[in-house]
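Undergrad: Can you keep this structure in mind? I'll have questions shortly.
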Protein chains: 2
Amino acid sequence: MRSVIMHAPGDVRVEKREIPTIIEPTDAIIRVTAACVCGSDLWPYRGAETVDHQPMGHEYVGVVEQIGDQVNNIQVGDFVVGSFVASDNTCEICQAGYQSRCVHAVMMGSIGTQAEYARIPLADGTLVATPGQPDPDLIPSLLAASDVLGTGWFAAVAAEAGPGKTVAVVGDGAVGLLGVLAAKQLGAERIIAMSRHADRQALAREFGATDIVTERGDEGVARVRELTGGLGAHSVIEAVGTQEAMMQAIRSTRPGGHVGFVGVSHGVQLPGDELFFSTVHLHGGPAPVRRFLPELIQLIWDRKIDPGKVFDLTLPLEDAAEAYAAMDERRAIKAMLTF
Amino acid sequence: MRSVIMHAPGDVRVEKREIPTIIEPTDAIIRVTAACVCGSDLWPYRGAETVDHQPMGHEYVGVVEQIGDQVNNIQVGDFVVGSFVASDNTCEICQAGYQSRCVHAVMMGSIGTQAEYARIPLADGTLVATPGQPDPDLIPSLLAASDVLGTGWFAAVAAEAGPGKTVAVVGDGAVGLLGVLAAKQLGAERIIAMSRHADRQALAREFGATDIVTERGDEGVARVRELTGGLGAHSVIEAVGTQEAMMQAIRSTRPGGHVGFVGVSHGVQLPGDELFFSTVHLHGGPAPVRRFLPELIQLIWDRKIDPGKVFDLTLPLEDAAEAYAAMDERRAIKAMLTF
């Protein structure tokens, strides 16, 4: 089968590798219908993480081709969405809603879903079948649920976005934009998107942003405070992962407010004294997308949300290198790969 | 009046200074009945914070001597307890329960309550009157409510201690011990006190600890994990403020669990990547003691809790230097000063 392989930073190729087979009786094999490039795939692409002949991709939707002997919840032929972390969904941590930290967690990035087929470990716990075969126009949104929508949603939940709240969003990538959508769905009163790109500002407004702040760093913080009576936002979503973005998020939050941070942390050191005196709540990490999948799939199925709009570039799998380049150069918000 | 003054690190004296007077119409003057030395007073005592002829103390109970023209909730003659932060208790931040970050907050440490009299700014918002004049044996517990009990209580609330939860407590000073008491009152099922001092272990058990862990750092973390089926505690209270204690707290918490940190942070740098992948909740800072005061005073008044037991040394004000030395050398958990 064809699969995206990152040979080294910046060197993305589509190559043949073996079609995966059932290894554990809890596995399923799916034919991937659509995959995509994640903002977090850019860390190794840019050399910020080591990479050596790595099959890439952790977001996926597809059709079940084969199931192991112990798979009961999923049938061959089902159209399924899964999280970027495979989880049993039965352990104490999963049951508490933290499936991304399941005691048996398998990172799908170690398997690589930018490929025609993928082995899904712990299929019963990981995969959620859609109510039927989806209309083609729903595929991008269902694919978004696999990571970026689920991650933006978790960030909004972690930031306790809700009625009466002002939510600020640091980061205008797909996750930040879907954090705006999530905050809107969760009933936030006011949503401040921090962005300096016209196309992303437009999508943020479409998803529910009421205010746009173009300033960054301390100036961005000052602007958020100005918009919130000097107090800061109740809820702040951080969707970048850098020191600047984390400090911007913490400083934009009012005392007692909540920061939901989901940008994969790179080189961040949080000063304890500032965090102490800020009295904000801090919660985040790899999103337990599985917690939210049934609800998100239903919202998409009922056409109440359209998170697939973050895909502003669609390319055949063969052009994966261009998909990476376009995202790296910010020519695309998010690129979908079709088969 | 007599007042404790720290001339320089390690140099604590009792000297005369002017009896304070009403400055703002929202002030009250109280005659301090009892004061005490805080673990946080040891930071400047040990030279970890600069200090130069500073009137010391921020914990207090006493009798109202005089009130400003705009004070309505408090009468002359009332016995009152106040937090270590004066707050208006009416601003949006106070109303959200974060009185320690009131938009008009005044740190009582800048005024100094280890003295015969103290000016209390924003008296209506800051002071809570007891139901009547307290029996003398209640004074230590009411004094504890002013900071260490309120701080331990906030830590337990921030850590979401409650029924069915296992709570671990890092730090066996007065705040950590009262964090144990708070966790017990909040209904925690199991409380693991981390301590290597027999007297503090005994008090922890008296306050409700079910397990004692004597190991520290990585070994302490391993022991907590061993006691919790390999997962870590649901709730962890951090009551020290050092890098080691913060990391011990974060690493002792299960995915999705809560860390309540109240040790005044000194030299702490939290690694963003570890915090990200931990998926714990982090919340803390200067405790909004005022939020809890009415409830805590009632529990003490009804003799349902006895937090005053943390005072294992009582000295007259004149012997303040010895009170500081005894706490610094860990000969005392907490020292009360009487007048």
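Every number in this text was worked out from the coordinates using simple rules, so none of it is lab data. Everything numeric in this text was worked out from a predicted model, so none of it was measured. Backbone-built Cβ (ideal geometry, glycine too); neighbour counts: all protein chains shown.
Undergrad: Along Cα→Cβ at 7 Å, what distances in nm separate the A:Lys304 label point from those on the other copies, shortest first?
TA: Inter-copy label distances (nm, one decimal, shortest first): 4.0.
Undergrad: Taking the Cα-to-Cβ direction at B:Ala198 and at A:Ala48 and moving 7 Å from each Cα, how far apart do the two end points lie in nm?
TA: Once both label points are built, they end up 5.4 nm from each other.
Undergrad: Under the definition of Cα pairs under 8 Å and six or more residues apart, what whole-number percent is the relative contact order of chain A?
TA: 19 percent
Undergrad: I've got another one for you. If you line up the long axis of helix A:148-158 against the longest principal axis of chain A, both from Cα atoms, how many degrees apart are they, to the nearest 10?
TA: In chain A, helix A:148-158 runs at an angle near 40 degrees to the longest axis.
Undergrad: Something else about it: Listed highest first by mean packing, meaning other Cβ atoms within 10 Å per residue, what order do A:174-181, A:136-143 come in?
TA: Going by the mean number of other Cβ atoms within 10 Å, highest first, we get A:174-181, A:136-143.
Undergrad: At 222 nm, what helix-only mean residue ellipticity would chain A give, in deg cm²/dmol to the nearest 500, using -39500 (n - 2.57) for each DSSP H run of four or more?
TA: Computed mean residue ellipticity for chain A: -8000 deg cm²/dmol.
Undergrad: Still on this structure: For label points placed 7 Å from Cα toward Cβ, what is the shortest-first list of nm distances from B:Arg331 to its copies?
TA: 7.6
Undergrad: Right, next: For B:Lys334, go through the lysines and keep the ones whose alpha-carbon is under 17 Å away, minus same-chain ones fewer than eight residues off.
TA: Candidates past the 8-residue exclusion: B:Lys309.
Undergrad: At most 11 other Cβ atoms within 10 Å plus a DSSP loop assignment makes a site exposed; report the longest stretch of chain B without any exposed GluC sites (Glu not before Pro).
TA: After excluding every exposed loop site, the longest remaining stretch is B:19-328.
Undergrad: DSSP loop trypsin sites (Lys or Arg not before Pro) in segment B:215-318 with at most 12 other Cβ atoms within 10 Å of their Cβ, which ones?
TA: Answer by residue number: B:Arg303, B:Lys304.
Undergrad: When only Cα pairs under 8 Å and 6 or more residues apart are kept, what is the percent relative contact order across segment A:151-284?
TA: 26 percent
Undergrad: So, one more: For segment A:268-339, just say rounded, prolate or oblate: build the C-alpha gyration tensor, square-root its eigenvalues into a ≥ b ≥ c, call rounded for a/c under 1.5, and beyond that prolate if a/b exceeds b/c, oblate if not.
TA: oblate
Undergrad: Still on this structure, please answer the following. Using 0.36 nm times the number of residues separating B:Arg205 and B:Glu189, minus their current alpha carbon distance, what extension gain do you get?
TA: Taking B:Arg205 through B:Glu189 to full extension adds about 4.4 nm, to one decimal.
Undergrad: Among B:Thr21, B:Thr253, which comes first, then next, by fewest other beta-carbon atoms within 10 Å?
TA: Lowest count first: B:Thr21, B:Thr253.
Undergrad: Right, next: Within segment B:37-62, what residues put their amide N at less than 20 Å from the label point 7 Å along the Cα-to-Cβ vector of B:Lys16?
TA: Under cut-off, by backbone N: B:53-56.
Undergrad: Compute the Cα gyration tensor for chain B, then decide on rounded, prolate or oblate, letting a ≥ b ≥ c be the square roots of its eigenvalues: rounded whenever a/c is under 1.5, prolate when a/b is larger than b/c in the other cases, and oblate in all that remain.
TA: Here chain B falls in the prolate category.
Undergrad: Sticking with this one: With a ≥ b ≥ c the root eigenvalues of the C-alpha gyration tensor of the protein assembly as shown, is it rounded (a/c under 1.5), prolate (a/b larger than b/c) or oblate?
TA: In terms of gyration-tensor shape, prolate.
Undergrad: Do you know the relative contact order of segment B:241-306, to the nearest whole percent, from alpha carbon pairs under 8 angstrom that are 6+ apart?
TA: Across segment B:241-306, relative contact order equals 34 percent.
Undergrad: Can I ask one more? Report the extension gain between B:Asp137 and B:Glu24 in nm, rounded to one decimal, defined as 0.36 nm multiplied by the number of residues separating them, less their alpha carbon distance.
TA: Full extension from B:Asp137 to B:Glu24 adds 37.3 nm.
Undergrad: I would also like to ask the following. Relative to the longest principal axis of the C-alpha atoms of chain A, give the angle of the C-alpha long axis of helix A:198-207, reported between 0 and 90° and rounded to the nearest 10°.
TA: With rounding to tens, the tilt is 80 degrees.
Undergrad: If you build a Gaussian network model of chain A, linking Cα atoms that sit under 10 Å apart, which residue out of A:Gly171, A:Gly187, A:Gly263 swings the most?
TA: Looking only at A:Gly171, A:Gly187, A:Gly263, the biggest GNM fluctuation is shown by A:Gly187.
Undergrad: May I pose another question? If you count, for every residue in A:280-287, the Cβ atoms of partner chains within 10 Å of its Cβ, what is the mean?
TA: That works out to 6 on average.
Undergrad: Something else now. Determine the distance separating the Cα centre of segment A:93-120 from the Cα centre of segment B:132-175; give it in Å without decimals.
TA: Result: 41 Å between the Cα centres.
Undergrad: Over all residues in A:224-233, what is the mean tally of Cβ atoms on other chains that come within 10 Å of each residue's Cβ?
TA: Counting other chains' Cβ atoms within 10 Å and averaging over A:224-233 gives 1.
Undergrad: Something else now. With a Förster radius of 30 Å, plug the Cβ-Cβ distance of A:Ala222 and A:Arg330 into 1/(1 + (r/R0)^6) and report the FRET value to the nearest 0.05.
TA: Taking R0 as 30 Å, the efficiency between A:Ala222 and A:Arg330 is 0.75.
Undergrad: Continuing with this model, one more query. When each copy gets a label point 7 Å from Cα toward the beta-carbon at A:Gly162, what are the spacings between them in nm, shortest first?
TA: Ordered by distance, the counterparts are at 1.1 nm.
Undergrad: While we're looking at this one, here's another question. Using Cα-only point scatterers and the Debye equation, what is log10 of I(q)/I(0) for segment A:217-339 at each q in 0.10, 0.11, 0.22 Å⁻¹, rounded to two decimals?
TA: The Debye formula, applied to the Cα set alone, gives -0.46, -0.55, -1.18.
Undergrad: Suppose R0 equals 22 Å; then what is the FRET efficiency for B:Thr90 and B:Ser110 from their Cβ-Cβ distance, rounded to the nearest 0.05?
TA: 0.55
Undergrad: Angle check, please: helix B:174-185 long axis (alpha carbons) against the longest principal axis of chain B (alpha carbons), in degrees 0 to 90, nearest 10.
TA: Relative to chain B, helix B:174-185 is tipped by roughly 70 degrees.
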